[in-house]
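Participant: A single structure is presented below for examination.
The values are calculated or read from the model by the stated rules, or taken from the named source; none is laboratory data. All figures in this text were calculated on a predicted structure; none of them were measured in a lab. When we count neighbours, we look across all protein chains shown, and the Cβ atoms used for this are built from the backbone with ideal geometry, even at glycine. We work out accessible area using only protein heavy atoms, side chains counted, and drop any ligands, DNA or RNA first. Shrake-Rupley method; radii C 1.70, N 1.55, O 1.52, S 1.80 Å.
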Amino acid sequence: MVAAVAAACSGDGGDGNPEEADGTPGSAEGEGAGSDTVSTATYHRTVAFVDTSQDPTMFVSWDFENRAEPGGVRRILRGWLGREGQWSLFVNEEWVTPPSRAPWRILPRGAARLVMGLDDVLREVYIQEGIRDLSVQPGEVLAEWSGHRGDIYRLHEGTALLSGVEHRGLVVDAYTPRVGTSDQPSEWTLLVADGPLYLLVADLEGLDPHRAWALQGSEDRVWSTVTVTWGDTRSFERARRDIPVLWSFRSEDGGLAGEIQPVSPGHIHTLDGEGPVLPVLGVYAVGGQVTIGETRLAVKGFLRHFQR
């Protein structure tokens with residue numbers, strides 16, 4: 001524990017990625033060693049705090065992207081803070097590290113820091129520059145869901161601290177590896193309702209269909225085929241494309257249906273790309289309605305939107 005905390009405080013904290021076998025996250029090998037990494041492999045990880053109070057006022061999303069390339073690992077770190085309907089991108093870093101045996105491992109950069117616990121479990125991600133004392137701390141695991149391609153979504157109880165003020169809610173730790181030419185990250189949303197109900201809808205393959213999981217009371221549920229459509233869009237000139245402002249979804253068996261939309265403008269970030277139409281990555285606070293079986297519920301939550 002002493003070694004792990006010391007490493008995190010020095011800015012070289014290890015990774016707390018979900019444990020996997022066969023060379024996927026879980027080992028604690030160091031950076032800079034010789035590597036046989038796949039030349040086209042991208043590892044996405046998002047650690048997002050979702051305020052679940054009656055009137056949510058705070059969301060924090062840490063986004064890590066590691067792309068294994070022949071000469072090293074290209075890393076991107078972004079951090080968003082949403083407060084009272086206003087979003088800001090407070091971290092936006094890109095750098096390259098030497099080849100690694102563990103290219104999925106997330107690393108801090110600049111003022112960002114990671115605190116690791118036993119078994120390389122992520123205990124805290126925080127920053128102490130510009131925005132004072134902004135911290136996200138995953139707590140007890142409530143649910144763990146996985147897809148066919150190594151995607152792992154862990155739902156935690158959690159807290160966020162901003163300038164000494166504590167906010168309680170949920171933390172989603174989403175890990176989505178993409179090997180080969182399919183490097184498109186996952187779009188996903190976490191929705192919460194009284195009951196309690198925790199519903200995660202995720203785009204596992206970079207295209208439809210989606211998959212959905214739910215923890216409803218003490219019951220785990222899964223819908224393997226969910227179709228998501230855009231009800232309305234608006235023009236986003238910076239990327240020269242349309243972006244959705246209304247999402248509708250329905251499972252193949254009809255047991256799950258819903259409709260959500262942003263409750264505030266959100267934040268759309270234009271990414272580098274080839275051609276006139278550019279990729280975009282967005283974060284939103286959302287609200288709407290979900291029907292499970294015969295039960296209709298009001299929901300609120302967080303949506304991470306991506307378009308290649």
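Participant: Is there any pair linking a residue in the range 247-264 that is over 22 Å from Asp220 (Cβ atoms) to one that is assigned to a loop (DSSP other than H, G, I, E, B), with Cβ under 9 Å and at least six apart or on different chains, and which?
Facilitator: Val263/Pro56; Val263/Gly85; Ser264/Glu84; Ser264/Gly85
Participant: Quick one: is Trp87 open to solvent by less than 70 Å² (accessible area, probe 1.4 Å), part of a strand (DSSP E or B) and farther than 24 Å from Phe302 by Cβ?
Facilitator: Against the criterion (open to solvent by less than 70 Å² (accessible area, probe 1.4 Å), part of a strand (DSSP E or B) and farther than 24 Å from Phe302 by Cβ), Trp87 does not qualify.
Participant: Let me ask something additional. Every residue in the range 122-143 that is under 19 Å from the mean Cα position of the chain (by Cα), surrounded by fewer than 16 Cβ atoms within 10 Å (Cβ to Cβ) and not small (Gly, Ala, Ser), please.
Facilitator: Glu140, Val141, Leu142
Participant: Now for a different question. Could you please give the count of residues in the range 256-266 that are at pLDDT 95 or above, open to solvent by less than 30 Å² (accessible area, probe 1.4 Å) and not hydrophobic (A, V, I, L, M, F, W, C)?
Facilitator: 1
Participant: Assigned to a loop (DSSP other than H, G, I, E, B) and either in contact with an Asp or Glu (Cβ under 9 Å, 6 or more places away or on another chain) or under 30 Å from Glu219 (Cβ atoms) (or both): does that describe Ile106?
Facilitator: yes
Participant: Among the candidates Phe64, Phe90, single out the residue that is within 22 Å of Val172 (Cα to Cα) and either over 20 Å from the mean Cα position of the chain (by Cα) or at pLDDT 95 or above (or both).
Facilitator: Phe64
Participant: Of the numbered conditions (1) acidic (Asp, Glu); (2) in contact with a strand residue (DSSP E or B) (Cβ under 7 Å, 6 or more places away or on another chain); (3) touching a residue at least 24 places away in the same chain (Cβ under 8 Å), Glu93 fails exactly one; give the number of that condition.
Facilitator: (3)
Participant: If you go through the range 209-244 one residue at a time, how many are among the aliphatic types (A, V, I, L, M) and surrounded by fewer than 15 Cβ atoms within 10 Å (Cβ to Cβ)?
Facilitator: Going through the range 209-244 one residue at a time, the tally reaches 1.
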